[in-house]
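See structure below.
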Amino acid sequence: MFVKLLRLAFLAPFFIFSQNTGEISNISNDFIVDLAYIKRELSMPYNPNRTVIEGNKYFFKKPSNATLILIDGEKPLNVITNYNLLDQTFDIFENNDPLKLLPNKIYKVLFPETEFVSINNKFYEVIEANDEFSLLADTYLEIFFPDYTPGIQDKPDPKYRKRNSVFLYYKNKFNYVERRKSFLISMFKENMAKEINTFMKKNKISPRNNDELKFLFNEFHSFLNR
């Protein structure tokens, strides 16, 4: 179980890089030290998935300023990064070489409007986190090949669908949340079924909407039976 942190101001100097080339500019001396530490302790080189797909494979349209909260309690660090949905890792660049942030060294990655948390060596987007439970999203890309007629049509490049799975992290265990009304009701104590059903109808709770799921679990978390 982890406690929701207040969003932190970005304390360290930052760098800007081209989304296409990773070229770094406007680097302060302090940031050079931070980048060296990130490269040495918090990341590793890797070969990203080279599959050619149409569209943006990242969580954000372009890399964004983020604060790293480290597991060892060291001071927060500032980076420009983006979540790679295809490889499910945070990408940063040094001299055009991709690095991936290590989830076993980083507790949270805080963006201005979004945060990710690392649990069991994997990053999850935080929908809600408090002293009682956490509602987490695992967002990824599902690759598929469009239908075509061999010999008549050229084989198309693969496309992707953005997928999002939700998990309830409760009492140090993950529980997959099916996006069905009946399943959601079953996650709570049986004697609350009628009340929760009424609440969902009154507030038009959609299992497909993360904010509305957050509303539901915040209202009835004390009646969870998972």
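The values are calculated or read from the model by the stated rules, or taken from the named source; none is laboratory data. Treat the numbers as computed from the prediction; the structure is a model and nothing was measured. Cβ: placed from backbone, ideal geometry, glycine included. Neighbour counts: every protein chain shown.
So, in region 118-134, of the ones that are part of a strand (DSSP E or B) and over 21 Å from residue 212 (Cβ atoms), which residue ends up farthest from the chain's Cα centre (by Cα)?
119
Hey, among the residues in region 135-173 that are without any contact (Cβ under 8 Å) to a residue 24 or more places away in the chain and assigned to a strand (DSSP E or B), which one's nearest to residue 204 (Cα to Cα)?
So the residue we want is 161.
Those residues that are under 15 Å from residue 59 (Cα atoms) and of a type in the set (Gly, Ala, Ser), I need them from region 90-131; list them, please.
none
For region 89-104, enumerate the residues that are in contact (Cβ under 8 Å) with a residue 40 or more places away in the chain and surrounded by 17 or more Cβ atoms within 10 Å (Cβ to Cβ).
Passing the criteria: 89, 91, 92, 93, 94, 98, 99, 100, 101, 102.
Give, as residue ranges, the strands (runs of 3 or more DSSP E) completely inside region 8-107 that count at least 1 residues that are within 14 Å of the chain's Cα centre (by Cα) and at pLDDT 90 or above.
Result: 64-70, 77-84, 89-94, 97-101.
Please determine, by comparing only the residues of region 137-164 that are β-branched (Val, Ile, Thr) and surrounded by 11 or more Cβ atoms within 10 Å (Cβ to Cβ), which one is nearest to residue 212 (Cα to Cα).
139
If you go through region 192-210 one residue at a time, how many are assigned to a helix (DSSP H, G or I), modelled with pLDDT under 95 and loosely packed, with under 13 Cβ neighbours inside 10 Å?
Number satisfying all stated conditions: 0.
Report, by residue number, each residue of region 61-81 that is surrounded by 15 or more Cβ atoms within 10 Å (Cβ to Cβ) and closer than 21 Å to residue 97 by Cβ.
63, 64, 65, 66, 68, 77, 78, 79, 80, 81, listed by residue number.
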